[in-house]
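Below is one structure, written out as structure tokens; the observations come after it.
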Amino acid sequence: MTGPVQPPCDEGVIRARPSDAPTGRKRLALAATVLGSSMAFIDGSVVNVALPSIRTALRADAAQVQWIVNAYLLLLGALVLIGGSAGDRYGRRRVFVIGVSLFAAASLACALAPDAGWLIAARAVQGIAAALLVPASLAILGSTFDDQERGAAIGAWAGFGAVTTAIGPVLGGWLVDHVSWRAIFLINIPLAVATVALALAAVRESGDPEVEHLDWRGAALAATGLGATTWGLTAAGQRGWGSGAVWAALAAGAALLAGFLVSQAREKHPMMPLALYRSRTFSGANLLTLALYFGLTGALFFLPFELIARHGYSAAGAGATLLPFSLIMGTLSGVAGKLSARFGARPMLTVGPILAGIGFGLLGAPWLGSGYWTGVLPGVLVVALGMTVAVAPLTNTVMSAVAASHAGVASGINNAVARVAGLLAVAVLGLIYFAPGAQGYPWVMGVSAVAAMTAGIVGAVMIEGKPSLKA
């Protein structure tokens, strides 16, 4: 998913005992986590610009195009929390190396895909791998650096993620235009080799003895429930709403997700502790995240597709249109964090999403095809400003809305919510965009705008000016 880097983490980051390794070894460990995570960040941002070429080369239909993205988001969103716990239980370096190796193998499978079904399956494996390696990378930083060093290390990790998010679509677009869409997956292979070598050489094994077992039941219910719901929404575009299979899938998805909530209430060590939702601010922040990232993912998924398919942009050109977004996010997020500390989160989480909604509206206007400078850039700038205003206060609000002992899992839940929002956006908005005989793009952007503005209303109503520290 193209968008701001919102690092998932787990409780192991909070509880880890820092390593006394030499500074040089710590830097190599940081390099390993940065390289490993960059694979997930790059793949989340480059695939969108390659989709038109992939659709043509593999003769994929509209539903398959959506699942090329959704297979990755589904497994990542459903398993990122248990992936963090797996690192605590079985060793963070071990899980990190397994995740990186699996991601590389899945990337090779993506590059060799003979048809859309193969590619979708390989993308699902990439999602599983990312759910292992991304939280493990952050947990490794927590166990490697002490309190004084950790902030700078995590800042470097997130900053490099923002850079890869920015350059990913441009690099991916160039590869699509001049080499092949398959090359966007092959670039992960040398990154993985370097990452594993650095991890084995510089990262010490660490874990959390308090994690006795993993919530496999919760993970299975979440993954199958989200999968059934997503399949039902995607299939409705082809089969129609009169299809019994569509309604059966949606009903099964609802039942499985209800079962997930019941399991979380009964589980001794749940992957998503429901007690955290007693905090009004925590609940509001996650509802805001769901609406805001629904709009963001929908807009940034269909914008490159529209520019390439209907306005004559090259893949590299469509990718480059998003550069200002990432540059503004990377440059001004620190300022937004300081403003939030001064004025409180509520005004930031009200104004920011509404600004982003206005930007989505601009990107859906009739003048999109008038050229980049007048048709695309103004909307991208407004979206970037709105997201910059919102993201740093949102992350801080989530972390501060619960007791310090739950800060890690709270951040992980919020990241999972953002991924699930993206999953639903591609499925739901795909019904509009790929509807036969319709010009659905303006409607897609309109729905994205409404979702973002709804997030702003949630911010005004549910976010406390000074986040509560009670869980």
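The values are calculated or read from the model by the stated rules, or taken from the named source; none is laboratory data. Keep in mind that this is a model prediction, so the values were computed, not measured. Cβ sites come from the backbone with ideal geometry, for glycine too, and all protein chains shown count toward neighbours. Only protein heavy atoms, including side chains, enter the accessible area calculation; ligands, DNA and RNA are left aside. Shrake-Rupley method; radii C 1.70, N 1.55, O 1.52, S 1.80 Å.
Out of all the residues in region 333-350, is one or more out of contact with any strand residue (DSSP E or B) (no Cβ under 9 Å at 6 or more places or on another chain), closer than 27 Å to VAL428 by Cα and either touching a residue at least 60 places away in the same chain (Cβ under 8 Å) or of a type outside the set (Val, Ile, Thr) (or both)?
Let us first name the residues in region 333-350 that are out of contact with any strand residue (DSSP E or B) (no Cβ under 9 Å at 6 or more places or on another chain), namely 333-350.
With the extra rule that they be closer than 27 Å to VAL428 by Cα, the set shrinks to 349-350.
Applying the additional criterion that residues be either touching a residue at least 60 places away in the same chain (Cβ under 8 Å) or of a type outside the set (Val, Ile, Thr) (or both) yields 349-350.
There is at least one residue in region 333-350 that is out of contact with any strand residue (DSSP E or B) (no Cβ under 9 Å at 6 or more places or on another chain), closer than 27 Å to VAL428 by Cα and either touching a residue at least 60 places away in the same chain (Cβ under 8 Å) or of a type outside the set (Val, Ile, Thr) (or both).
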### Task
Only residues in region 202-227 that are closer than 20 Å to LEU261 by Cβ count as the first member; pair them with residues that are at pLDDT 80 or above and open to solvent by 70 Å² or more (accessible area, probe 1.4 Å), Cβ under 7 angstrom, at least 6 apart or cross-chain, and list the lot.
LEU214/ARG89
### Summary
Note on region 115-140: residues under 17 Å from LEU81 (Cα atoms) and touching a Cys at 6+ places or on another chain (Cβ under 6 Å) are LEU138
### Task
Within region 289-315, work out how many residues are within 17 Å of ALA384 (Cα to Cα) and touching a Ser or Thr at 6+ places or on another chain (Cβ under 9 Å).
13
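Determine which member of the set ILE82, ILE54 is assigned to a helix (DSSP H, G or I) and more than 21 Å from LEU424 (Cβ to Cβ).
On the way: ILE82 fails: more than 21 Å from LEU424 (Cβ to Cβ).
Only one candidate passes the filter, namely ILE54.
Answer yes or no as to whether LEU112 is without any contact (Cβ under 8 Å) to a residue 40 or more places away in the chain and open to solvent by 50 Å² or more (accessible area, probe 1.4 Å). Show your work before the answer.
On the way: without any contact (Cβ under 8 Å) to a residue 40 or more places away in the chain: no; open to solvent by 50 Å² or more (accessible area, probe 1.4 Å): yes.
When the stated conditions are applied, LEU112 does not pass them.
Look through region 220-262, keep the residues that are of a type in the set (S, T, N, Q) and surrounded by 17 or more Cβ atoms within 10 Å (Cβ to Cβ), and return whichever of them is farthest from ALA425 (Cα to Cα). Outline the logic, then answer.
As a first pass, look at region 220-262 and keep what is of a type in the set (S, T, N, Q): 224, 229-230, 234, 238, 243.
From the residues that got through so far, the ones that are surrounded by 17 or more Cβ atoms within 10 Å (Cβ to Cβ) too are 224, 229-230, 234.
Values: THR224: 18, THR229: 12, THR230: 10, THR234: 11 Å.
Among those residues, the one meeting the criterion is THR224.
Please pick out the residue among ALA392, ALA403, ALA365, ALA341 that is hydrophobic (A, V, I, L, M, F, W, C) and within 22 Å of the chain's Cα centre (by Cα).
On the way: ALA403 fails: within 22 Å of the chain's Cα centre (by Cα); ALA365 fails: within 22 Å of the chain's Cα centre (by Cα); ALA341 fails: within 22 Å of the chain's Cα centre (by Cα).
Result: ALA392 is the single residue among ALA392, ALA403, ALA365, ALA341 that is hydrophobic (A, V, I, L, M, F, W, C) and within 22 Å of the chain's Cα centre (by Cα).
Can you name every residue in region 264-285 that is part of a helix (DSSP H, G or I), open to solvent by 10 Å² or more (accessible area, probe 1.4 Å) and of a type outside the set (Lys, Arg)? So that I can check it myself, show each step before the final result.
Restricting attention to region 264-285, the residues satisfying the condition of being part of a helix (DSSP H, G or I) are 264-266, 274-278, 280-285.
Restricting the remaining residues to those that are open to solvent by 10 Å² or more (accessible area, probe 1.4 Å) gives 265-266, 274-275, 277-278, 280, 283.
If the condition is that a residue be part of a helix (DSSP H, G or I), open to solvent by 10 Å² or more (accessible area, probe 1.4 Å) and of a type outside the set (Lys, Arg), then ALA265, LEU274, ALA275, TYR277, SER283 are the ones that fit.
Taking the stated definitions as given, is SER137 outside any helix (DSSP H, G or I), surrounded by 20 or more Cβ atoms within 10 Å (Cβ to Cβ) and at pLDDT below 85?
Working: outside any helix (DSSP H, G or I): no; surrounded by 20 or more Cβ atoms within 10 Å (Cβ to Cβ): yes; at pLDDT below 85: yes.
Criteria not met by SER137.
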### Task
Restrict the check to region 428-440 and report whether at least one residue is open to solvent by less than 40 Å² (accessible area, probe 1.4 Å), closer than 30 Å to ASP61 by Cα, of a type in the set (Ser, Thr, Tyr) and part of a helix (DSSP H, G or I).
yes
### Task
Would you please list the contacts, defined by Cβ atoms under 9 Å and residues six or more apart or on different chains, that run from a residue in region 228-251 that is under 18 Å from PHE434 (Cα atoms) to a residue that is of a type in the set (Asp, Glu)?
GLN238/ASP61
### Query
How about region 309-423: which helices (runs of 4 or more DSSP H) wholly inside it have at least 3 residues that are open to solvent by 10 Å² or more (accessible area, probe 1.4 Å) and within 22 Å of GLY459 (Cα to Cα)?
323-343, 345-363, 377-400
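Is there a residue being of a type in the set (Ser, Thr, Tyr), over 15 Å from LEU424 (Cα atoms) and in contact with a helix residue (DSSP H, G or I) (Cβ under 8 Å, 6 or more places away or on another chain) anywhere in region 287-309? Working first, answer last.
Filtering region 287-309 for residues of a type in the set (Ser, Thr, Tyr) gives 289, 293, 297.
Within this subset, residues satisfying the condition of being over 15 Å from LEU424 (Cα atoms) are none.
Within region 287-309 (the criterion being of a type in the set (Ser, Thr, Tyr), over 15 Å from LEU424 (Cα atoms) and in contact with a helix residue (DSSP H, G or I) (Cβ under 8 Å, 6 or more places away or on another chain)), the answer is no, since none of the residues qualifies.
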### Task
Confirm whether TRP241 is assigned to a loop (DSSP other than H, G, I, E, B) and more than 23 Å from the chain's Cα centre (by Cα).
yes
